[in-house]
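Novice: Here it is: the structure, laid out below.
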Amino acid sequence: MNENILTFGPGARLTGTLTRPDGPSRGTAILLLNAGVIHRMGPHRINVKLARALAAQGHTVLRLDLSGQGDSEASDSTLSYDQQAVADLQAAMDHIQRLTSIQTFALAGICSAAHHGVSTAMVDDRLKALWLMDTHAYPNKKTSLVRAWRQLNVDPSGTLMGWAGRLPGLLLKRLRPAPRQSEPMQQLLDNPYASPTRDEFAARLKVIVDKQVRVQLVYSGSFLWLFNYAGQWRDTFKAYGAVADLPCDLIPDVDHTVSTLHAQRRLIDAVTRFAAHLN
């Protein structure tokens, strides 16, 4: 494989690292970007390792810094942060198309990167596949039961004492219930966006499902408070048609920032298996 630093986009403000296979490239290039505010190398250099594994598989890979992050300069546009991220990803696709014969793209992203992948796929038909880890999560009643059961197994006495301590407050809420809210907003670990409601998120995903974008959802062990059993996605989105059928894996032995070598190997294996089905 070979790697080159690129500058591209308006005013050549954006910076990325292009990793290309030694032989002919497959027809789909893969985009990797910042997770939260981490440089394009990714947490614990996971994007570097992932780009090289994907290049060994025959893919052209661009890992890029969004505007104002890593080595990329801030944009002078008036776009919102979300809109600017979409524009940056489109500039990345434009540049790869100028350099190569590749016309279609996939994106693998963690947390905020997953959010940007969905936003971009909604408006740009070149993005044909998304691997999304730790995007917005929506717990249901079973999620709470599974969480309680896990807590009870790990620390029976401490858990029971904690529940007993909260009982008076729960009884008071029963007597004087707070105004009902439609759905709580969850703030993700390194995502600056408050989660959309379940209806809003399902509608966003429905747009890309209707465009026949291939989607793989993954939740890590860091999200066990919000997502903690294998069938949770289908149970939560069963009222939303094809959105409920999206493949979704729970990998509890991987943490959100892939901080161990075991977690990194598991993530690389998951993404390369997904990429193996791209042309």
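Novice: What spacing in nm lies between the two simple spin-label points modelled at ASP125 and ALA244, each 7 Å away from Cα in the Cβ direction?
Specialist: About 3.1 nm, to one decimal.
Novice: I would also like to ask the following. Could you state the number of Å between the C-alpha centres of the stretch 190-253 and the stretch 15-85?
Specialist: What the calculation gives is 23 Å, centre to centre.
Novice: Follow-up. Which value in nm describes the separation of the simple spin-label points at ASP235 and ARG98, placed 7 Å from the Cα toward the beta carbon?
Specialist: 5.0
Novice: Tell me the label-point distance for the pair ALA203, HIS262, using the 7 Å Cα-to-Cβ offset, in nm and rounded to one decimal.
Specialist: Result for the modelled spin labels: 4.3 nm.
Novice: How far, in nm, would the chain grow between LYS142 and GLN212 when pulled straight, counting 0.36 nm per residue and subtracting the alpha carbon separation?
Specialist: 22.2 nm
Novice: Along its principal axes, what span do the Cα atoms of the stretch 1-52 show, with the longest given first and each in whole Å?
Specialist: Largest first, the stretch 1-52 extends 33, 30, 17 Å along its Cα principal axes.
Novice: Take the stretch 19-136, drop everything but the C-alpha atoms, weight them equally and run the Debye formula without solvent; then report log10 I(q)/I(0) at 0.15, 0.18 Å⁻¹ to two decimals.
Specialist: -0.61, -0.89
Novice: Same structure again: Beyond a 32 Å Cα-Cα separation, which of these cross-linked pairs lie in this structure: LYS49/LYS141; LYS49/LYS211; LYS49/LYS238?
Specialist: LYS49/LYS141; LYS49/LYS238
No value in this document is a laboratory result; all are computed from the given coordinates. Quick caveat, the model's predicted, so the values are computed rather than measured. As a convention, Cβ positions derive from the backbone with ideal geometry for all residues, glycine included, and neighbour counts pool all protein chains shown.
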